[in-house]
1. If the reach is capped at under 28 angstrom between alpha carbons, list the lysines near K386, excluding any in the same chain fewer than eight residues apart.
2. Given a Förster distance of 56 angstrom, what is the FRET efficiency for E26 paired with Y205, based on the Cβ-Cβ distance and rounded to 0.05?
3. So for the stretch 283-342, averaging the separation of alpha carbon pairs under 8 Å that are six or more residues apart and normalising by length, what relative contact order in percent results?
4. Note the full-extension length gain between Q307 and V361 as 0.36 nm times their separation in residues minus their Cα-Cα distance, in nm to one decimal.
5. Please list, in chain and number order, the residues 5+ apart from V64 or on another chain whose amide H is under 5 Å from its amide H, with Hs placed from the backbone.
6. In nm, to one decimal, how far is the Q539 label point from the L273 one, both placed 7 Å along Cα→Cβ?
7. My understanding is that a pair violates if its Cα-Cα distance is over 29 Å; which of K141/K497; K256/K502; K494/K518; K471/K586; K101/K511; K93/K113 do that in this structure?
8. Given an 8 Å cut-off on Cα distances and at least 6 residues of separation, report the relative contact order of the stretch 136-270 as a percent.
Amino acid sequence: MKFIKHISILLLLLATSLITAQVKFEAKVSKKKLGVNERLRIDFEMDKDGDNFVPPSFTDFDVVNGPITSVSNSWFNGKRSYKKTYSYFLSPKKRGRFKIKQALIEIDGETFKTFPVTVNVVAAVDRPNGPPSAADVASDKIHLVAEVSKANPYLNEAITVVYKLYVSPEIGVSNNWREKDIPRYNDFWSQNIEIKGLKIQNAKYKGEDYRYVVLRKTVLYPQKAGALKLEPLVMDITVEVPSNRVDIFGAQLMTKIPQVVTAGNRIINVKPLPEQGKPSDFTGAVGNFNFKVTTTKTALDATESLQAKIEVSGKGNLNLFELPKLTTPSSLEVYEPEHKENVRTNLGGMQGAISDTYTIVPQFKGKYPIPSVSFSYFDLKTESYKRVTSDEIVIDVLNGPSANSNDINSAVNKKEVVRPNTNTFAFIKTASNWTSINETQFFKSTLFWLLLLLPFLLIPTAIVLRRSKDKRDADVSGNRIRKADRLAKKYLSKAKKALGQKEPFYMALEKALHNYLKAKLNIETSDFSKEKIEILLKQKRVDQTVYNEFISILENCESARYSPITKVTMQNDFDKAAKTISLIDKQIR
């Protein structure tokens, strides 16, 4: 009996090992003991393709890079060898023993887990990870810097932020860089200065020789006092790092490393304008300005018109304050001013002129003074307030009706409001002749009999539709194909919605292509290989060029998730996938 019992246990263990041997999914680390200043590589390997990979949380580590996906698929002596790996590069947050928990993946409808891995993080070592990796070289040799012209300006004083990318001569940068996150400059008025072409220049960075390009120039005017934060500019850049390999001609090969660089946060301490000596008519002008009030005429007849212009010119926050108002005697009819701005913005800030032009029409004969107008501003050079006052201008109306003495004496500094005609809407009719549009009765009309018979006509239609549905439900194979088609369309729609989000877009696009093949070729994900897809598509009489296009899209989905990609490239890949699926549908037999 004991012998039979041992045999049963042995057979059970053998059967269990055979079942589990069908799928291999495990976690491998580059080392189980490392210094706190070293990096750890962990690979999650499987020998069969799966879906919905869920990595562990990596609570005690910072993810430096990953996931990086690699696939190995080969045939040898008629036997297929497949391996797919998700790789992560981790940096420990502190010393201690840490457990990396299980990763999950779905393969053939079943969920598989890796075993937890324990690593020991010790004190920093002299040479972390031996020779520096390409990623380490890339991060040490490229820097994005935000250079601020002044860190403690006054309120509404112009400052400039120049973003420079410093690159060591030891590495290169590909052309497919892009701005990942653009600063929004909260609490600042901002304007970007156009840069025409990137000019490479040489400079020192932390005592070493570097090349740099100016990527952005922005002029800022702080709109409130206090410590204001400048958000960082973040960029995706592909860095080319020299490797230890050479080509057949002896030239050194370059390794391309995706790198995210940021200029970091900057704090601007904005000083409020002093309260001492602030004029009562101060409206926020800060800079160095000239002020004048002019008129096109000083002598004219009644009912003729003239223009009076209030103009401020110079350098400062010209677009950010209001001009003083013009006051006139009540006997002068004054219209709302026309505002004009002739302002240009460069690295020095705003320069130019702004003006308000008033149209004035006198009603009576006589002399009418236009009182002087004052303008106040804060001068940054002297750090004090200044006031400029215009001269009084007298308007001499030579010919026209005379106003009585009371009217003349009441000519005070007051602007007359021009009122609109009270009969403006006289053209709108307030009465109309209404006629009835319901001249016929609904009862016993043609529409009445059609609506009465409609339910009886719908009954045979419903019977035909029900029989068609029953026939469709009985088609098991057809339903499976239709289901896969719907799933492909679903993932294509998900990909379209995810345009601009690199990883979700390419994951959805790849799933859509896989499910399309499942529908058309009746193969499963585990059977996917270029050779098998090519054989099946040729059997279905699909052109070789269409097959090549389909495979190139699949390869793009695999590689694009881990390299910088623009939204335009994503749109092109989506359009190409839709076009290729359409061509296969037309050619497949």
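1. K150, K224, K271, K278, K292, K309, K315, K325, K340, K414, K415
2. 0.80
3. Rounded, it is 36 percent for the stretch 283-342.
4. 18.5 nm
5. F89, L90, S91
6. 8.2 nm
7. The answer is K141/K497.
8. About 33 percent, as a whole number.
Values quoted throughout were computed directly from the atomic coordinates according to the rules given, and no laboratory measurement underlies them. Predicted model, so just to flag it, every value in this text is computed and none were measured. No Cβ is skipped: glycine too gets one built from the backbone with ideal geometry, and neighbour counts run over all protein chains shown.
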